[in-house]
Structure formats: C-alpha cells, structure tokens
1. Using a 7 Å offset from the Cα along the Cα-to-Cβ direction at both Ala282 and Ser265, what is the distance between the two label points in nm, to one decimal?
2. Using alpha carbons only, how many angstrom separate the centre of region 72-142 from the centre of region 274-289?
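A short reminder: the numbers here are calculations on the coordinates, not readings from a lab. Everything numeric here is computed off the predicted structure, so don't read it as measured data. Positions of Cβ are backbone-derived with ideal geometry, glycine not excepted, and every protein chain shown enters the neighbour counts.
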Amino acid sequence: MRAHSVGANLLRCGALALAAVFALAAPATANNVIDGCGQTCEIDCGADPNCREASGGKCILADDVTCDATESAIELLSGNDLEMAGFDITCTEVAPDSCPYSAILVIDTGSKITSDGSGDDGEAVISGRFFFGVDCDLNASSIVEKITVFDGIGAIRDCRTVRNNVIGPSSQLYLLANFGITTEGIGGSDSFRNNSIEGRVFPITNNGSNSLSVEGNVINTDATNRAISLGNATGGADGVAKFNVFFGAGASAGAELFQIHGEDSVVYSGNYCNGDHPDCAACIAAGHCESYTSPFKGND
C-alpha cells in the first residue's frame, strides 16, 4: 500500500514539474484592450497599470469607452495603432465643463487610428466635449481613417493622412471658431481626402506653408467662415484642391469657399459649389469651382 502511495506521489510530482516547465515555455498573452481614457498603448508596459501592450502592432477597443474631466488622452506610443472596432469614445461632461484633452493623442511616428466597422453598430464615434477628437502632433506617417467625430473644439488635428472620415457639427467654440480637420504644418505627400464635414466654422485648415493635397471632400458650408484654407500670409501655400463638393448656404455674406495664400501655385480641378453660397459665383469666375449644372463631370 505504501509503495503504491509513494509511486502515486512521484507521478504527481512529475506531473507538476512538467506543468511548471510548460508554463515557463508558454508565451505571455498581452492585454491590448483599451478600456478607459488615460491609458497608453506601448510595446512593453513594465509595471504601469495604465499601459496596454500592443499585439501585432496595435491596441483595440472591445467596448465603448466613457471619459470625464479627471482623466487624460488615450496615448499611442512607439508607432502602435488603435483599432476602434466600431466602438465609441465619449466625454460625459456637460457644458460648461469639458474633458480638457484630446480623446486620442499620437506620441510617435507611424500610428494609425481606424475602425474595421464591427462593434455594436458598426460605426466608431468620438463625441462629447473633448478638446480634439484626435491629435497626431504632426508625427510622420500618422493616419486617421474610417471614424466619425462629433463635438469638440476640433475634430482631427495635425495628422498626416486623413481619409474617409465623417465629421459632424460642434457647438463648442474657441475664440468664436471650431475646426474640422486642421494642421499647423504638414505637407509634401500628406492629404485630406474623401471626408464628409458639416457644421464647422473652419472645415479644412492648413496654417503651414507646405504642400497639401485636399481632394474629394464633401463640405456642408452652412456654418463656415472659410471652407478650405491653405497656407499662411508669410509662407504662402501650394498643393492640390480638387474634386471637393460644397453645398448649403454660407454662414454670412463674407464667407469664403477657398482662402489660399500664394494661390497661383495651387492646382484646382473639379470643385463644385451651388448658388446658395455667397462665394460660389466668385469661385466659379476665378476658375476654382464649377456649378451644379449638366453635364456634371464629377471627378472624370
């Protein structure tokens, strides 16, 4: 009997030792799920409880995230991406209070914010009284695509490629203005392309002097001061402005569709406006716009 017990114990000990070996050999599973504002997405988190370790170069949302004034931005470090996966990020503060930070802040080169259209309703929405929805801080190769941003002083700031997004209205103002897509100095191969923008005083603004491609955007001009503004008075601007569509009445008689510094170096093609906007006739006369009349060429 005793020999049997000894043999059983030896077997048990052997099994436990083997399990320990396998446990040591098994790779750790990184927690890459962002579930709150103030968290970071990093390659190696160490002991930081607010850090999430990227898996396959990205962190993800697995549910809606709500934020308040006591928290801070979701930060993307080391070029990691954020997959919003059809979930939302919402500031719950009510005016006059706000979340005094951007919902997502890009810290390093190469990050992308996107959504694969899954989630609870397929649409990834940033909303509420954030400062900006996304701020890429002029980092190279930063991309924002396939998300929706409502509210905020601005929707998307200083990101290199901004495409296929929906930007809705905001009642928040800073010095009587708010912004759709804005930057202080990107250019070269950078582009703002195929975005829908509504209810912003300045829908698209590049205050830098670098070249920028602004193409295929649909802008409802009912709240605008200047629909597309490129360059600054010191450095001028060049680039491409084509296939943009403006509709809706202008906010005032002085509202402009384009404000371009150094506009002789900007290539205009296929931009359309309707007569409801006070600047449409002047834009057509300058050769920068075409009217909504047949034959409608679109982007042919």
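1. Spacing of the two 7 Å Cα→Cβ label points: 2.4 nm.
2. 35 Å
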